[in-house]
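The structure under discussion appears below in the form of structure tokens.
The values are calculated or read from the model by the stated rules, or taken from the named source; none is laboratory data. A quick note: this is a predicted structure, and the numbers were derived from the prediction, not measured. Because the Cβ atoms are built from the backbone with ideal geometry, glycine has one as well, and the counts that use them run over all protein chains shown. For the accessible areas, the whole protein counts, side chains as well, though only heavy atoms, and no ligand, DNA or RNA atoms are used. Shrake-Rupley method; radii C 1.70, N 1.55, O 1.52, S 1.80 Å.
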Amino acid sequence: MVEHTILIIDDDIDLVEILRITLENSGFRVIDAQTGERGLALAREQDPDLILLDVMMGKVDEGFQVAYQLRSDEVTAQTPILMLTAVADQTGFDFDPKRDKDFLPVNEFLEKPVSPRTLVDMIRKHLPTSV
């Protein structure tokens, strides 16, 4: 079995650990960053097979900015991005993943909390080769 590397960019340390356990138990190698800046650096250095990206981190739109930068970088331009979002629950933030999906260059939106099975299935769906 080929080990795929998943980069998690999320500032919620507890969620990152839950995701890490879920993904490692499913045979994935996991690396993580708690800021968009560190996530971009790791993505360029490690060239992961897939990126899980949070919307809201230090800034309300940090995940959006990171997604644009990932898509404009030649190393990460083709890397699948699954955006984890709870923004539908946040007041004052008018973003709807279904309505606004053409606005943001990610492969899939997943609402937090996401079940482990759904997460692993979505990752496998978007990996360049099947696992």
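Quick notes on this one:
Quick grid of which residues meet (1) of a type in the set (D, E, K, R); (2) touching a Leu at 6+ places or on another chain (Cβ under 8 Å):
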{"site": "I6", "(1), (2)": "no, yes"}
{"site": "E17", "(1), (2)": "yes, no"}
{"site": "T22", "(1), (2)": "no, yes"}
{"site": "N25", "(1), (2)": "no, no"}
{"site": "V30", "(1), (2)": "no, yes"}
{"site": "R44", "(1), (2)": "yes, no"}
{"site": "I51", "(1), (2)": "no, yes"}
{"site": "E74", "(1), (2)": "yes, no"}
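- Meets criteria (of a type outside the set (G, A, S), under 20 Å from P113 (Cα atoms) and crowded, with 22+ Cβ neighbours inside 10 Å) for I51: yes
- Candidate set: region 57-86, residues that are among the hydrophobic types (A, V, I, L, M, F, W, C) and in contact (Cβ under 8 Å) with a residue 40 or more places away in the chain; chosen: the one farthest from L104 (Cα to Cα): M57
- Scanning region 11-40 for residues that are out of contact with any Pro (no Cβ under 8 Å at 6 or more places or on another chain), aliphatic (A, V, I, L, M) and open to solvent by less than 30 Å² (accessible area, probe 1.4 Å) turns up V16, L19, L23, V30, A33, L40.
- Every condition in (1) touching a Leu at 6+ places or on another chain (Cβ under 7 Å); (2) open to solvent by 60 Å² or more (accessible area, probe 1.4 Å) holds for V60 except the one numbered (1).
- Checked against (1) under 21 Å from I18 (Cβ atoms); (2) open to solvent by 10 Å² or more (accessible area, probe 1.4 Å); (3) out of contact with any strand residue (DSSP E or B) (no Cβ under 6 Å at 6 or more places or on another chain); (4) at pLDDT 85 or above, A77 meets all criteria but (1).
- Residue within region 88-106 that is modelled with pLDDT of 85 or more and under 14 Å from the mean Cα position of the chain (by Cα) present: yes
- Filtered residues of region 18-74 (kept if charged (D, E, K, R), touching a strand residue (DSSP E or B) at 6+ places or on another chain (Cβ under 9 Å) and in a loop (DSSP other than H, G, I, E, B)): D47, D49
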